[in-house]
Amino acid sequence: MTAVSVQNLWKEYDGRVVLEHVSLEVAPHSFIALVGPSGCGKSTFLRMLLSAETPTRGQILVDGEQLPGEPTADRGVVFQRYSVFPHLTVLENVLIGLEFAASPLLGKLFGKARRKAREEAAGMLAAVGLGDFLALYPSQLSGGMQQRLAIAQALIKRPRVLLLDEPFGALDPGIRAEIHVLMLKLWRETRMTVFMVTHDLSEAFHLGTRVIAFDRPRNRPEERERYGATITHDLAIWPPKYPVADNETPPGGTTRPLDDAGAQPGRPGAGQ
Amino acid sequence: MHRRLINAYPSRGASLLLSALPFLLILLAYLAGSEARLAVNPNDKLLPAFSSIGAGFSRMAFEADKRTGDVLLWVDTAASLARLLAGLAIATVTAGLLGIAVGLLPYMRSTFSGFIAVVAMIPPLSVLPILFIIFGLGETAKVALIVIGITPMILRDMILRVEELPREIMVKAQTLGASTWQIALRVVVPQMLPRLIDSLRLSLGAAWLFLIAAEAIASQSGLGYRIFLLRRYLAMDVILPYVAWITLLAFLLDYGLRLLQARAFPWFVEGRKQR
């Protein structure tokens, strides 16, 4: 359960303003979908959340603490491409996250420690539907399976915040719908806060608890240099999605309004 | 309607035949030239008949030399291969380690990239006299020439390959909690090894060049030494099979490296096919 606070963030490249005046309060366990036209800085924003880039001005707080200056294990990421290590098998790709933590010198586990870590990694892979493909290399997987692997790889570190940079953009609609179901399930189970950049509006509204649109309010050619993009729409999605697992009946009659949160993943419109 | 040439593929059999064709043509041209010259002058040394080439080769490969008692081809081959492999090994390890460090660490890059760019421009053969002066005429100078000749090439290639790794991969490794050392050890080095083999294969030609140059100038043994020695006697019947032998060794080395790459790094070969 992690809150994120973005305070008056600016990003400039060589005097060109890309983002300006970005302020955002994100409640714990949100699923934020970031949308907007190409080049409006939503991926830049995501990279700043990741500390892969530094803001020119402003700051980002995670649970009240300023972000460190480089990527860390508490913020996981899934990119559209190059998200997994091509030289490791499916199992090794997930195992390596555990090995980094447990073996500072070699980054590799042996014997009993390895068996234990292997079990955990295999369990995570089974949860994303890759239990039968442990020995394959990523190049032998389909695009959808590679993204499942990337998700498992990120989740094994139990990040507090998960950042998704157009993770499903290259997938077929059918595969995409399946992976949406999986994503919502994992989001509910892990209770992490998710930021997802997407070009697909239906995906944004289907997965997100809140959809945030970036755009340039001033977009005349002579203005483009000095004015950047900012948040132009901020929509909370109704009905709210509750942190309950798939097909699980929520505790009856307590605080639930009339909604169908449990059935969310199967909602029509998935993956269109 | 004929297909465009870019879409016309030979059948399997035709493909085999075509790949043999250039070799056959060269062979035929040589035979014709040799016949013509030998018809005019039976003692012609320039294009000896295949029979005398065979005799020359078997003399070198199977008979002990009268003066030294050694079978020269094998002694020469052993001496040359020892120099070549030592040079290749030293160059590969140095360039691999330094290249990965420079490609990965901004501090190393700032320190060395300018230096490497300048050093790589020194023509290695111009350093050979210096090497002979410093190391004497022994093995060290020859190995050093090979190392100096090919290290910059492999090194620059390695730096480029490391920098070419997708930014996403490096960020991903950090989000998995890896330290710089762990990233180098488990993410960068394993991905660089097959690329190092590529680089090594490309530098094999240069390595042989420097080996033979060093042997031609100052040596008591070696394949290069032998052919330059025999040049004085116009002994084409030995020089030609020696050149063919050197070519075969070079080819086998290249082929072996390719095989090693396919065996040891299946993911790399697989991924390359998809691109």
Checklist outcome for this item: For the stretch B:98-105, in residue order, the Karplus 3J(HN,Hα) values (coefficients 6.51, -1.76, 1.60; θ = phi - 60°; whole Hz; Gly and Pro = x) are 5, x, 5, 4, 5, x, 8, 10
Item to check | Debye, to nearest 20: dipole size of chain A, +1 on Lys, Arg Cβ, -1 on Asp, Glu Cβ | outcome: 440
Checklist outcome for this item: Computed from the beta carbon distance with a Förster radius of 25 Å, FRET efficiency for residue B:121 and residue B:94 to the nearest 0.05 stands at 0.85
Checklist entry - Can you tell which of B:185, B:18, B:240 shows the greatest fluctuation in a Gaussian network model of chain B with Cα springs below 10 Å? => result B:18
Item to check | Computed FRET value (nearest 0.05) for residue A:65 with residue B:270, which takes r as the C-beta separation and R₀ as 56 Å | outcome: 0.85
Item to check | Whether the stretch A:84-158 is rounded, prolate or oblate, judged on the alpha carbon gyration tensor where a/c under 1.5 counts as rounded | outcome: prolate
Next on the checklist: Are there any residues in the stretch B:157-198 with a reduction of at least 50 Å² in accessible surface when going from the isolated chain to the assembly of protein chains? Probe 1.4 Å, please list them by number.
Outcome noted: B:168, B:169, B:171, B:172, B:174, B:175, B:176, B:182, B:186
Item to check | Principal-axis tilt of helix A:173-190 within chain A, Cα atoms, nearest 10 degrees | outcome: 80
Next on the checklist: Am I reading the B/A interface right? What is its buried accessible area, both sides, 1.4 Å probe, to the nearest 100 Å²?
Outcome noted: 2400
Checklist entry - Using a ≥ b ≥ c from the Cα gyration tensor of the protein assembly as shown (square roots of the eigenvalues), is it rounded, prolate or oblate, where a/c under 1.5 gives rounded and otherwise the larger of a/b and b/c decides, a/b for prolate? => result prolate
Checklist entry - In a GNM of chain B with a 10 Å cut-off on Cα contacts, which of B:149, B:224, B:205 has the highest mean-square fluctuation? => result B:205
Next on the checklist: With a cut-off of 8 Å between alpha carbons and a minimum separation of six or more residues, what is the relative contact order of chain A in percent?
Outcome noted: 26
Item to check | Carbon and sulfur %, accessible surface of the protein assembly as shown computed with the full protein complex present, 1.4 Å | outcome: 63
Checklist entry - Taking accessible area as the heavy-atom solvent-accessible surface of the protein chains with a 1.4 Å probe, which residues of the stretch A:90-116 lose no less than 50 Å² upon going from the isolated chain to the full protein assembly? => result A:100
Checklist entry - Among A:192, A:105, A:76, which residue has its Cα positioned farthest towards the positive end of the charge dipole of the stretch A:75-215, with +1 placed on the Cβ of Lys and Arg, -1 on the Cβ of Asp and Glu, and the dipole taken about the Cα centre? => result A:105
Item to check | Normalised per residue, the volume of the convex hull around the Cα set of chain B (Å³) | outcome: 213
Next on the checklist: Charges at C-beta only: +1 for Lys and Arg, -1 for Asp and Glu. How large is the resulting dipole of the protein assembly as shown about its Cα centre, in Debye rounded to 20?
Outcome noted: 760
Checklist entry - Over what distance in Å are the Cα centres of the stretch B:213-275 and the stretch B:2-72 separated? => result 17
Next on the checklist: Residues of the stretch A:125-168 losing 40 Å² or more of accessible surface, assembly versus chain alone, probe 1.4 Å, please list them.
Outcome noted: A:137, A:139
Item to check | For the protein assembly as shown: accessible area per residue (Å², 1.4 Å) | outcome: 51
Item to check | C-alpha center-to-center spacing [the stretch A:15-59, the stretch A:75-142] in angstrom | outcome: 29
Checklist entry - If you take the square roots of the eigenvalues of the alpha-carbon gyration tensor of the stretch B:141-275 and sort them as a ≥ b ≥ c, do you get rounded (a/c under 1.5), prolate (a/b over b/c) or oblate? => result prolate
Item to check | DSSP bridge pairs, the protein assembly as shown: antiparallel proportion in percent, nearest 5 | outcome: 55
Checklist entry - In nm, what is the difference between 0.36 nm times the number of residues separating residue A:13 and residue A:233 and their Cα-Cα distance? => result 76.8 nm
Checklist entry - When chain A is modelled as a GNM with alpha-carbon springs shorter than 10 Å, which of A:61, A:155, A:46 fluctuates the most? => result A:61
Checklist entry - Quick one: Debye curve from the C-alpha atoms of chain A, no solvent, what's log10 I(q)/I(0) at q = 0.16 Å⁻¹? => result -1.28
Checklist entry - Relative to the Cα centre, what is the charge dipole magnitude of the stretch A:1-109, using +1 at the beta carbon of each Lys and Arg, -1 at the beta carbon of each Asp and Glu, and rounding to the nearest 20 debye? => result 280
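The values are calculated or read from the model by the stated rules, or taken from the named source; none is laboratory data. No experiment lies behind these values; they were computed from the predicted model shown. Glycine gets a Cβ as well: all are built from the backbone with ideal geometry, and neighbour counts include every protein chain shown. Accessible surface is based on the protein model in full, side chains and every heavy atom, while ligands, DNA and RNA are left aside. Shrake-Rupley method; radii C 1.70, N 1.55, O 1.52, S 1.80 Å.
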